[in-house]
1. Using only Cα positions of the chain, each an equal point scatterer, no hydration layer, compute I(q)/I(0) via Debye at q = 0.13, 0.18, 0.19 Å⁻¹ and quote the log10 values to two decimals.
2. Enumerate the amide H contacts of VAL93 below 5 Å, restricted to partners 5 or more residues apart or on another chain; note that Pro and chain-start residues carry no placed amide H.
3. Compare LEU74, LEU12, LEU89 in a GNM of the chain, Cα atoms joined below 10 Å, and give the one with the largest fluctuation.
4. I'd like the carbon and sulfur percentage of the solvent accessible area for the stretch 17-115, probe radius 1.4 Å, heavy atoms only, ligands and nucleic acids excluded.
5. How many percent of DSSP beta bridges within the chain run antiparallel, rounded to 5?
6. Taking the solvent-accessible surface of protein heavy atoms with a 1.4 Å probe, what is the per residue accessible area of the chain in Å²?
7. Report, in degrees rounded to the nearest 10, the 0 to 90 angle that the Cα long axis of helix 8-27 makes with the longest principal axis of the chain.
8. Most fluctuating residue of VAL92, VAL42, VAL105 in a GNM of the chain with Cα springs under 10 Å: which is it?
Amino acid sequence: MKFLLDTWYLFLAAAVSGGLLLWPLIGKNAGGASKVSTNDAVQLINREKAVLIDVSEPAEFAAGHVVGARSVPLGSLESSRDLPKNKALPLVVVCATGARAGRAVVTLRKLGFENARALAGGLQAWREANLPVEKTA
């Protein structure tokens with residue numbers, strides 16, 4: 001018992017370092033927004049018929065978006081009729097940098113779309129991967 005009292009700080013350091021090692025696993029889905037890479041998104045689109053949802057503002061969407069993406073601005077997400085009727089379909093949510101997409105995933109999950117995922121890095125990452133982007137007039 002004397003040993004434990006004399007070396008309490010070593011046990012505390014071990015517990016803190018163990019917690020820091022586990023933090024990435026625990027915090028990975030903090031906020032409920034899971035993310036997918038561009039490669040994983042392409043596989044979801046090709047293999048599981050994932051639907052691309054772009055939550056950028058209309059002007060941003062017109063300036064450039066992922067080919068085949070549906071424009072559903074973040075502010076009108078809850079009342080949109082452009083979301084798929086089948087809530088089991090995987091959704092890949094895109095915005096310019098990925099920040100708004102994370103918030104959109106949380107909203108979509110509340111609406112019943114459990115397979116919604118944000119594109120890590122957003123449209124910027126999509127362009128860096130040399131994947132197709134289109135503009136609308």
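1. Listed by q, the Debye log ratios stand at -0.57, -0.94, -1.03.
2. For VAL93, whose amide H was placed from the backbone, the distant partners under 5 Å are ILE53, ARG117, ALA118, LEU119.
3. Result: LEU12 has the largest fluctuation of those listed.
4. Values: 3120 of 5570 Å².
That fraction is 56 percent.
5. Numbers: 2 of 13 bridges.
So the antiparallel bridges amount to about 15 percent of the total.
6. Numbers: 8500 Å² over 137 residues.
On a per-residue basis, the chain sits at 62 Å².
7. 10 degrees
8. The residue with the greatest mean-square fluctuation here is VAL42.
The values are calculated or read from the model by the stated rules, or taken from the named source; none is laboratory data. Since this is a predicted model, take the numbers as computed values, not measurements. When we count neighbours, we look across all protein chains shown, and the Cβ atoms used for this are built from the backbone with ideal geometry, even at glycine. Only protein heavy atoms, including side chains, enter the accessible area calculation; ligands, DNA and RNA are left aside. Shrake-Rupley method; radii C 1.70, N 1.55, O 1.52, S 1.80 Å.
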